[in-house]
Each structure stands twice: as structure tokens, then as C-alpha cells.
Amino acid sequence: MGIVIKEVVSRRDLKKFLSFPYNLYAGSKYWVPPLFFDEMNTLRKDKNPAFEFCEVKYWLAYKDGKIAGRIAGIINWRYVEK
């Protein structure tokens, strides 16, 4: 089976998006996890004031029914206008 890309559309999906590195690097002694709460507030449109002028979309990549990667696309419209 190939890779399936699904857009993050709910808070539950966003939690999966943020949890992916925790699962990916779980066995690495070199990985220092970020604060989950801080990451959640950074990526939520209702918590981060940058989203007043930025547009964002997130996607999860699935392979064989498991998350295999994540993608974020961000457009900063203030920078584009400049």
C-alpha cells in the first residue's frame, strides 16, 4: 500500500500531528522532546496571534495505517505583502 496524505482538521488530529515525533524518537537518548502544551498553543489558530495574518494547513502522512510523517504549510501574508 502507498502513502496516504490526510489533512489535519480537528483538535484530535492536531494532537496526533504533535505526538508523531514522540513516537518516532521514543528510543533515542539524544532527542529532547519539546513541551507538548507549548507546541499545541503555537500551532492552534485560536491561541497563536500570528494566525491573524498567517494562513496554515497541516497534513499527516500514513503508511500501512500508521503515521509515517507530517507536513506543515504556512504563508505569512505580511511578509508576502512586504
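Find the residue count for the range 1-26, including only residues that are of a type in the set (Gly, Ala, Ser) and in contact with a helix residue (DSSP H, G or I) (Cβ under 7 Å, 6 or more places away or on another chain).
Here is the first cut: in the range 1-26, the residues of a type in the set (Gly, Ala, Ser) are 2, 10, 19, 26.
If we keep only those that are in contact with a helix residue (DSSP H, G or I) (Cβ under 7 Å, 6 or more places away or on another chain) too, we end up with none.
The number of residues fulfilling the criteria is 0.
Of the conditions (1) within 14 Å of the chain's Cα centre (by Cα); (2) in a loop (DSSP other than H, G, I, E, B), Trp59 clears all except one; give me its number.
Unmet for Trp59, out of (1) within 14 Å of the chain's Cα centre (by Cα); (2) in a loop (DSSP other than H, G, I, E, B): (2).
Confirm whether Asp13 is outside any strand (DSSP E or B) and surrounded by 13 or more Cβ atoms within 10 Å (Cβ to Cβ).
yes
Just checking, how many residues over the range 34-56 are free of Cβ contacts under 8 Å to residues at least 24 places away in the same chain, closer than 25 Å to Ile3 by Cβ and not in a strand (DSSP E or B)?
Within the range 34-56, residues that are free of Cβ contacts under 8 Å to residues at least 24 places away in the same chain, closer than 25 Å to Ile3 by Cβ and not in a strand (DSSP E or B) number 1.
Quick one: how many residues across the range 30-82 are of a type in the set (A, V, I, L, M), within 13 Å of Phe17 (Cβ to Cβ) and surrounded by 12 or more Cβ atoms within 10 Å (Cβ to Cβ)?
Count: 8.
Read-outs throughout are calculated quantities, based only on the coordinates presented, and are distinct from any laboratory measurement. Since the structure is predicted, the reported quantities are computational estimates derived from the model, not experimental observations. Neighbour counts run over all protein chains shown; Cβ positions are idealised from the backbone, glycine included.
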